[in-house]
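Have a look at this one.
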Amino acid sequence: MVFSSFSFLMFFFPAVCFCYFIVPQRFRSLRNLVLLVFSLFFYFWGESRGVLLMLAVILVSYCSARIIDGAGSKAIRRLGLWLELLTCLGALVYYKYADWLLISANSLFHTDLPILQVVMPIGISFFTFQSMSYVIDVYRGTVEAQKNLLNVALYVSLFPQLVAGPIVRYETVAAEIVSRRENLDEIYAGVQRFIMGLGKKLLLANTFGQEADTIFSMASAVRGTPTAWLGAICYSLQIYFDFSAYSDMAIGMGRMFGFHFLENFNYPYVSRSITEFWRRWHISLSTWFRDYVYIPLGGNRRGLPRQILNLLVVWALTGLWHGASWNFVLWGLYFFVLLILEKFFLGKLLDKLPSVVRRSYTLLAVVLGWVIFYCTESGQLTSYLGDLFAFRGGFDHVLLTLRQNVPEFLFGLALCTPLPMRLFCLGKDKPWGEVLRCVWMLIVLVLSVLALTGSSFNAFIYFRF
């Protein structure tokens with residue numbers, strides 16, 4: 001069940017809101033129970049075979065944190081931590097990577113190991129990472145272990161961010177789980193944020209996604225260079241609006257229920273370096289790897305060679321996190337190389353160049369990175385990269401696509417910058433400003449519903465992670 005589906009918009013979410021808000025605010029535990037039951041149903045609806053795994057992860061995380069919190073020795077504390085890490089990483093490796101590792105071994109060593117045909121539960125990368133962050137923070141002493149199992153279950157399974165993030169730290173919502181206060185202003189702000197995300201998904205991401213899929217599936221002889229670049233740009237716009245839309249809707253729904261999730265995107269396509277891009281893109285994931293992998297490995301505290309090795313490990317794992325395929329590993333290593341180059345000399349050179357040149361370099365590097373990300377087979381990747389730089393073919397398909405989707409491209413490019421939000425916030429404290437915002441939100445909502453009725457293309461990219 002995706003947020004931009006009729007079943008969610010017309011049935012599930014209204015039912016959640018009715019059952020949640022009919023409970024008086026003073027009965028916080030009962031409201032939490034309502035959210036927990038609906039969250040488990042939400043996951044069961046989309047992944048009935050994976051719900052037991054998620055419940056097992058929740059139970060182990062709860063027990064591990066309690067063991068660590070109540071331990072009188074370092075050995076017992078470490079035992080609790082290792083119980084959590086082995087459970088979550090073991091589940092992640094088995095369900096997400098087992099078949100890929102077997103296929104790779106067969107190919108590399110010419111063996112005939114049987115493939116397990118494991119079905120990966122949706123969102124496993126998100127709820128395992130979220131669970132691990134909670135237990136690690138308890139081990140570090142930055143948060144207290146939660147004594148109520150249902151509260152831990154709610155933290156891990158809360159449906160707005162369950163299957164596609166953002167990865168929420170326990171410290172961000174710990175106090176709100178037990179003592180948040182919902183009010184009309186917060187609900188109104190959450191509704192606005194949700195509608196913005198819905199519009200991004202249905203009006204922009206889906207449009208760009210259909211065009212990207214069409215172009216990437218073309219035969220190389222038909223595609224040509226201009227069309228190949230259009231496909232790469234469309235996919236770059238699709239993945240940004242698809243994932244940022246989900247984050248917008250998750251943050252908006254969380255706010256309606258009194259939770260304040262941290263921002264996950266900060267206009268990454270206006271970045272002036274790859275280093276800056278990764279401070280703005282999927283912030284919850286990049287900070288997770290920084291805090292739980294890079295810094296524990298030593299970060300930049302053990303000399304330059306060790307720092308480079310640490311960055312290599314982080315970016316190889318970042319690539320693998322996105323999927324069990326070598327193109328994701330290549331994608332991670334590609335950004336590792338760019339970040340190392342910026343660290344040694346390219347960053348200093350970029351600082352001396354005009355802003356437009358720096359942004360152009362970053363966009364070009366990111367778009368090429370998304371081509372690597374899209375092409376899961378080496379033959380497809382080499383063919384597409386060849387088309388990008390073959391300098392052949394005409395502009396007929398490009399011009400036709402642009403003519404057919406003028407509003408989408410204009411709004412899409414504009415929304416990659418902070419300008420529309422600044423305009424949206426004009427007259428923030430004036431009645432006329434609020435009226436204009438309400439009218440705009442109503443227009444976006446109506447257009448989104450119309451788009452939903454007229455299109456069957458509606459899958460979120462990050463659901464597969």
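The values are calculated or read from the model by the stated rules, or taken from the named source; none is laboratory data. These figures come from a predicted structure and were not determined experimentally. Cβ: placed from backbone, ideal geometry, glycine included. Neighbour counts: every protein chain shown. For accessibility, only protein heavy atoms count, side chains too; no ligands or nucleic acids. Shrake-Rupley method; radii C 1.70, N 1.55, O 1.52, S 1.80 Å.
Out of everything in region 294-303 that is open to solvent by 10 Å² or more (accessible area, probe 1.4 Å) and under 25 Å from residue 271 (Cα atoms), what residue ends up being farthest from the chain's Cα centre (by Cα)?
Initial filter on region 294-303 (open to solvent by 10 Å² or more (accessible area, probe 1.4 Å)): 294-297, 300-303.
From what is left, the residues that are under 25 Å from residue 271 (Cα atoms) are 294-295, 300.
Values: 294: 20, 295: 22, 300: 27 Å.
My answer is 300.
Return a yes/no flag: does region 175-195 have any residue that is touching a His at 6+ places or on another chain (Cβ under 8 Å) and open to solvent by 10 Å² or more (accessible area, probe 1.4 Å). Walk me through it before giving the result.
Narrowing region 175-195 to residues touching a His at 6+ places or on another chain (Cβ under 8 Å): 176.
Checking which are open to solvent by 10 Å² or more (accessible area, probe 1.4 Å) leaves us with 176.
Within region 175-195, one or more residues are touching a His at 6+ places or on another chain (Cβ under 8 Å) and open to solvent by 10 Å² or more (accessible area, probe 1.4 Å).
Okay, next question. Within region 346-359, is there a residue that is in contact with a helix residue (DSSP H, G or I) (Cβ under 6 Å, 6 or more places away or on another chain) and over 30 Å from residue 185 (Cβ atoms)?
The first filter runs over region 346-359 and keeps only residues in contact with a helix residue (DSSP H, G or I) (Cβ under 6 Å, 6 or more places away or on another chain), leaving 350, 358.
Pick out the ones that are also over 30 Å from residue 185 (Cβ atoms) and you get 350, 358.
Scanning region 346-359 turns up at least one residue that is in contact with a helix residue (DSSP H, G or I) (Cβ under 6 Å, 6 or more places away or on another chain) and over 30 Å from residue 185 (Cβ atoms).
Considering only region 235-250, I want to know if a residue exists there that is touching a Gly at 6+ places or on another chain (Cβ under 6 Å) and among the charged types (D, E, K, R).
Applying the first criterion (touching a Gly at 6+ places or on another chain (Cβ under 6 Å)) to region 235-250 yields 237-238, 245, 248-249.
Applying the additional criterion that residues be among the charged types (D, E, K, R) yields 248.
Yes.
Next question. Tally the residues that are assigned to a helix (DSSP H, G or I) and open to solvent by less than 70 Å² (accessible area, probe 1.4 Å), restricting the search to region 445-455. Show your work before the answer.
To start, the set of residues in region 445-455 that are assigned to a helix (DSSP H, G or I) comprises 445-453.
Narrowing the set further to residues that are open to solvent by less than 70 Å² (accessible area, probe 1.4 Å) leaves 445, 448-449, 451-452.
Residues that pass the stated criteria total 5.
Matching residues to (1) among the hydroxyl-bearing types (Ser, Thr, Tyr); (2) open to solvent by 30 Å² or more (accessible area, probe 1.4 Å); (3) modelled with pLDDT under 95:
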position	(1), (2), (3)
292	yes, no, no
305	no, yes, yes
311	no, yes, no
324	no, yes, yes
334	yes, yes, no
345	no, yes, yes
348	no, yes, yes
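Can I ask one more? Would you please list the contacts, defined by Cβ atoms under 6 Å and residues six or more apart or on different chains, that run from a residue in region 324-339 that is not assigned by TED's automatic domain parsing to the domain that holds residue 94 to a residue that is open to solvent by 30 Å² or more (accessible area, probe 1.4 Å) and outside any helix (DSSP H, G or I)?
From residues that are not assigned by TED's automatic domain parsing to the domain that holds residue 94, the pairs are 325/376; 327/376.
Here's another thing I want to ask about it. What number of residues in region 100-146 are among the acidic types (Asp, Glu) and open to solvent by 30 Å² or more (accessible area, probe 1.4 Å)? Give the derivation first.
Residues of region 100-146 among the acidic types (Asp, Glu): 112, 137, 144.
Those still in the list that are open to solvent by 30 Å² or more (accessible area, probe 1.4 Å) too: 112, 144.
Summing the residues that are among the acidic types (Asp, Glu) and open to solvent by 30 Å² or more (accessible area, probe 1.4 Å) in region 100-146 gives 2.
Where residues in region 355-390 are more than 25 Å from the chain's Cα centre (by Cα) and of a type in the set (D, E, K, R), which of them is surrounded by the fewest Cβ atoms within 10 Å (Cβ to Cβ)?
Restricting to residues being more than 25 Å from the chain's Cα centre (by Cα) and of a type in the set (D, E, K, R), the top hit is 358.
When you look at residue 285, is it in contact with a Phe, Trp or Tyr (Cβ under 8 Å, 6 or more places away or on another chain), in a helix (DSSP H, G or I) and free of Cβ contacts under 8 Å to residues at least 40 places away in the same chain, yes or no? Walk me through it before giving the result.
Working: in contact with a Phe, Trp or Tyr (Cβ under 8 Å, 6 or more places away or on another chain): yes; in a helix (DSSP H, G or I): yes; free of Cβ contacts under 8 Å to residues at least 40 places away in the same chain: no.
So residue 285 does not fit the description; no.
Take region 122-162 and flag every residue that is assigned to a loop (DSSP other than H, G, I, E, B) and free of Cβ contacts under 8 Å to residues at least 60 places away in the same chain.
Of all residues in region 122-162, those assigned to a loop (DSSP other than H, G, I, E, B) come to 122-123, 141-148, 158, 162.
Selection gives 141, 142, 143, 148.
List, please: which pairs have Cβ atoms under 9 Å, are six or more places apart or on different chains, and start with a residue in region 265-281 that is free of Cβ contacts under 8 Å to residues at least 24 places away in the same chain and open to solvent by 10 Å² or more (accessible area, probe 1.4 Å) and end with one that is part of a helix (DSSP H, G or I) and charged (D, E, K, R)?
Every condition considered, the pairs that remain are 266/279; 266/280.
Let me ask something else about it. Among the candidates 423, 410, 442, single out the residue that is part of a helix (DSSP H, G or I), under 22 Å from residue 202 (Cβ atoms) and within 26 Å of the chain's Cα centre (by Cα). Lay out the reasoning, then the answer.
Working: 423 fails: within 26 Å of the chain's Cα centre (by Cα); 442 fails: within 26 Å of the chain's Cα centre (by Cα).
Residue meeting the stated conditions: 410.
May I ask you to verify whether residue 117 is assigned to a loop (DSSP other than H, G, I, E, B), closer than 28 Å to residue 47 by Cβ and of a type in the set (S, T, N, Q)? Give the steps one after another, and end with the answer.
Working: assigned to a loop (DSSP other than H, G, I, E, B): yes; closer than 28 Å to residue 47 by Cβ: yes; of a type in the set (S, T, N, Q): yes.
Answer is yes for this residue.
Based on this model, can you work out whether residue 316 counts as assigned to a loop (DSSP other than H, G, I, E, B), open to solvent by 10 Å² or more (accessible area, probe 1.4 Å) and in the same structural domain as residue 203 (by TED's automatic domain parsing)?
no
Of the residues that sit in region 1-16 and are surrounded by fewer than 16 Cβ atoms within 10 Å (Cβ to Cβ) and part of a helix (DSSP H, G or I), which one is modelled with the lowest pLDDT? If you could, list the steps in order and put the result at the bottom.
As a first pass, look at region 1-16 and keep what is surrounded by fewer than 16 Cβ atoms within 10 Å (Cβ to Cβ): 5-7, 10-11, 14-15.
Narrowing further to those that are part of a helix (DSSP H, G or I): 6-7, 10-11, 14-15.
On the way: 6: 88, 7: 91, 10: 92, 11: 94, 14: 96, 15: 97.
For region 1-16, the residue satisfying everything is 6.
I've got another one for you. What's the total number of residues in region 17-52 that are open to solvent by 30 Å² or more (accessible area, probe 1.4 Å) and either under 13 Å from residue 154 (Cβ atoms) or among the charged types (D, E, K, R) (or both)?
Residues flagged as open to solvent by 30 Å² or more (accessible area, probe 1.4 Å) and either under 13 Å from residue 154 (Cβ atoms) or among the charged types (D, E, K, R) (or both) within region 17-52 amount to 8.
Quick check on region 163-174: of everything there that is among the β-branched types (Val, Ile, Thr) and assigned to a helix (DSSP H, G or I), which residue is least open to solvent (accessible area, probe 1.4 Å)? Give the derivation first.
Let us first name the residues in region 163-174 that are among the β-branched types (Val, Ile, Thr), namely 163, 167-168, 172-173.
With assigned to a helix (DSSP H, G or I) added as a condition, the list becomes 172-173.
Values: 172: 38, 173: 5 Å².
The extreme case among them is 173.
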